[in-house]
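A.B. asks: Mind looking over this structure? Questions follow.
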Amino acid sequence: KIGSPYLAKIRRVQQTFGLFTNKITDYEIISENGIPQKPKQYSTETLSDAGYNGLSSLTTNGLHFYFNPEARTTRNFLNAGVDVFAECANGWAHSNFIVHQNSLDSVFLAIAFRVGGTTIRTLASSTVDTLKLVRLSKNILITSAPSLVSIGVNATSQIPIQLKGHASVITSLTIRITQLIQDYREDRVNSAELIAAILREITSVATIYGIQAFVPEIVKCLPLDSLRASVVTCVTVAAVTFGVSIASSWVMNKWREGRNKKEFLNLCKQLKFSPNATDSEIDSQYRRLALQVHPDKTHDDGSGFKKLTKEVQRFHELRLQNNISQDKTETQKIIERLKQFLIDPMAFLRYFAQKVTPSTDSPVPMLS
């Protein structure tokens, strides 16, 4: 019942997922008064997920080796190759996941590739000391968790599409913040370092998101075809992200160095230590101060002794960080010994009793 003249347009889009490139073909057929005209066809080619992930990993590792000559070892080169291969495999699994409309088989395949790639990379970068089943399993689970959550979220149709694109980043950020809070609870970082680290993580995520959104818009202005544009976008995003990460680490290290220097000078003043004191001089001063607050003498809960021992332990740690210690191996031994004193205050008396020889005039420091 449509009167003449009229136009009918039929459009069909076909997307082909290849190993390294994807091809999108757009067919357009226009009929005028029921008579088909000459069809039009447009084709664009871009990097596939496998190609994008692999090129991004290759760019990041290449920049790392370029700016860190000491990292150019055979082991590190092999690890970089494993990383590139694993990222390509993960990208291919993600494409397969999309092609098969989130089928159960494609979900399991994507999970297997992600966990398998993470396991291979973790084993390749592990040392003899870290090759323990529990620790390896924990590292693999933590590293794989963001991708596994993303796969699960994308496979669930009830979840809003706005959340699906951010599930991996939200999970990764949550895990990282949880790890930082755990470090704070175990006294590995103080409150100021905790807040600074959390702000750094949030700022990094926001910056990377901005880079990923901004760079493609800039590349569109260049006279490049779709494939070259996707390659330039991939390399640029990876390079800028690497630069942001390096700059963020540099700022954090400078801030930490300033705080550590201030803390070191405060401990020198508080404990009456010379900044350039030797291990034996510090040992002697610590022994003199500790004998005054040891629970065997004060008959209290030992809080004063523990506070002093923690401060001296921290003083030695700062000496190592600031490269002030003359013998780093001996200083590390002292730190381990102080940790033992915190667990067992009587170990302090036993240790210094052994150091006092019968020929000296100093009394054996047994106070009970």
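The values are calculated or read from the model by the stated rules, or taken from the named source; none is laboratory data. Keep in mind it's a predicted model, so treat the numbers as computed, not measured. Backbone-built Cβ (ideal geometry, glycine too); neighbour counts: all protein chains shown. We work out accessible area using only protein heavy atoms, side chains counted, and drop any ligands, DNA or RNA first. Shrake-Rupley method; radii C 1.70, N 1.55, O 1.52, S 1.80 Å.
A.B. asks: Could you tell me which residue of the stretch 47-89 is nearest to Thr143 (Cα to Cα), considering only residues that are of a type in the set (Ser, Thr, Tyr) and part of a helix (DSSP H, G or I)? Steps first, answer last, please.
C.D. replies: First, pick out the residues of the stretch 47-89 that are of a type in the set (Ser, Thr, Tyr): 48, 52, 56-57, 59-60, 66, 73-74.
Those still in the list that are part of a helix (DSSP H, G or I) too: 52, 56-57, 59-60, 66, 74.
On the way: Tyr52: 20, Ser56: 18, Ser57: 16, Thr59: 21, Thr60: 18, Tyr66: 26, Thr74: 24 Å.
Ranking the candidates gives Ser57 first.
A.B. asks: Still on this model: Filter the stretch 63-76 for residues that are free of Cβ contacts under 8 Å to residues at least 12 places away in the same chain and surrounded by 13 or more Cβ atoms within 10 Å (Cβ to Cβ); which is farthest from Gln15 (Cα to Cα)?
C.D. replies: Residues of the stretch 63-76 free of Cβ contacts under 8 Å to residues at least 12 places away in the same chain: 66, 68-76.
Imposing the further condition that a residue be surrounded by 13 or more Cβ atoms within 10 Å (Cβ to Cβ) reduces the set to 71, 76.
Numbers: Ala71: 41, Asn76: 38 Å.
So the residue we want is Ala71.
A.B. asks: Same structure again: Every residue in the stretch 237-274 that is among the β-branched types (Val, Ile, Thr) and open to solvent by less than 50 Å² (accessible area, probe 1.4 Å), please. Please lay out each step first, then the result.
C.D. replies: Taking the stretch 237-274 as the starting set, the residues that turn out to be among the β-branched types (Val, Ile, Thr) are 237, 240-241, 244, 246, 251.
Those that are among the β-branched types (Val, Ile, Thr) and open to solvent by less than 50 Å² (accessible area, probe 1.4 Å): Val237, Thr241, Val244.
A.B. asks: Any idea which of Ala277, Ala347 is farther than 30 Å from Arg200 by Cβ, surrounded by fewer than 16 Cβ atoms within 10 Å (Cβ to Cβ), at pLDDT 80 or above and not hydroxyl-bearing (Ser, Thr, Tyr)? Let's see the steps before the verdict.
C.D. replies: Numbers: Ala277 fails: surrounded by fewer than 16 Cβ atoms within 10 Å (Cβ to Cβ).
The match here is Ala347.
A.B. asks: Keeping to the stretch 300-309, report how many residues are in contact (Cβ under 8 Å) with a residue 12 or more places away in the chain, closer than 15 Å to Asp344 by Cβ and open to solvent by 10 Å² or more (accessible area, probe 1.4 Å).
C.D. replies: Looking only at that region, the number is 1.
A.B. asks: Also, quick follow-up: Taking Glu28 as the residue in question, decide whether it is in a strand (DSSP E or B), open to solvent by 30 Å² or more (accessible area, probe 1.4 Å) and among the charged types (D, E, K, R). First the steps, then the outcome.
C.D. replies: Working: in a strand (DSSP E or B): yes; open to solvent by 30 Å² or more (accessible area, probe 1.4 Å): yes; among the charged types (D, E, K, R): yes.
Yes: the conditions hold for Glu28.
A.B. asks: Next question. Tell me the residue from Lys138, Lys40, Lys23, Lys132 that is more than 24 Å from Val244 (Cβ to Cβ), basic (Lys, Arg) and surrounded by 15 or more Cβ atoms within 10 Å (Cβ to Cβ), please.
C.D. replies: Step by step, each of Lys138, Lys40, Lys23, Lys132 is checked, and only Lys23 is more than 24 Å from Val244 (Cβ to Cβ), basic (Lys, Arg) and surrounded by 15 or more Cβ atoms within 10 Å (Cβ to Cβ).
A.B. asks: Also, quick follow-up: Residues being among the small types (Gly, Ala, Ser) and without any contact (Cβ under 8 Å) to a residue 24 or more places away in the chain: count how many of those fall in the stretch 208-226. Steps first, answer last, please.
C.D. replies: Our first condition is that a residue be among the small types (Gly, Ala, Ser); within the stretch 208-226, this holds for 210, 213, 226.
So of that shortlist, the ones also without any contact (Cβ under 8 Å) to a residue 24 or more places away in the chain come out as 210, 213.
Residues that pass the stated criteria total 2.
A.B. asks: Of the numbered conditions (1) open to solvent by 70 Å² or more (accessible area, probe 1.4 Å); (2) assigned to a helix (DSSP H, G or I), Val215 fails exactly one; give the number of that condition.
C.D. replies: Result: Val215 fails condition (1) only.
A quick yes/no check of all residues on (1) in contact (Cβ under 8 Å) with a residue 12 or more places away in the chain; (2) closer than 23 Å to Arg121 by Cβ:
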| position | (1), (2) |
| --- | --- |
| Ile35 | no, no |
| Thr44 | yes, no |
| Leu47 | yes, yes |
| Ser57 | yes, yes |
| Thr60 | yes, yes |
| Asn79 | yes, yes |
| His94 | yes, yes |
| Val99 | yes, no |
| Leu104 | no, no |
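A.B. asks: Give the residue, chosen from Val232, Val244, Val312, Val240, that is in contact (Cβ under 8 Å) with a residue 40 or more places away in the chain, in a helix (DSSP H, G or I) and within 30 Å of Tyr52 (Cβ to Cβ). I'd like the intermediate steps shown before the answer.
C.D. replies: On the way: Val232 fails: in contact (Cβ under 8 Å) with a residue 40 or more places away in the chain; Val312 fails: within 30 Å of Tyr52 (Cβ to Cβ); Val240 fails: in contact (Cβ under 8 Å) with a residue 40 or more places away in the chain.
Just one listed residue meets the conditions, Val244.
A.B. asks: Given Ser172, Ser230, Ser168, which one is open to solvent by less than 80 Å² (accessible area, probe 1.4 Å) and at pLDDT 85 or above?
C.D. replies: Working: Ser172 fails: at pLDDT 85 or above; Ser168 fails: at pLDDT 85 or above.
Going through Ser172, Ser230, Ser168 in turn, the sole match is Ser230.
A.B. asks: If you don't mind, another one. So, in the stretch 179-212, exactly how many residues are among the charged types (D, E, K, R) and not in a helix (DSSP H, G or I)? Outline the logic, then answer.
C.D. replies: Kept after step one, since they are among the charged types (D, E, K, R), are these residues of the stretch 179-212: 183, 185-188, 193, 200-201.
This time we only want the ones that are not in a helix (DSSP H, G or I), so: 186-188.
Looking only at that region, the number is 3.
A.B. asks: I'd like to verify a number: residues in the stretch 192-203 that are open to solvent by less than 60 Å² (accessible area, probe 1.4 Å) and either of a type in the set (Asp, Glu) or at pLDDT 85 or above (or both), how many? Lay out the reasoning, then the answer.
C.D. replies: Just the residues of the stretch 192-203 that are open to solvent by less than 60 Å² (accessible area, probe 1.4 Å), to begin with: 192-194, 196-198, 201.
This time we only want the ones that are either of a type in the set (Asp, Glu) or at pLDDT 85 or above (or both), so: 193-194, 196-198, 201.
Going through the stretch 192-203 one residue at a time, the tally reaches 6.
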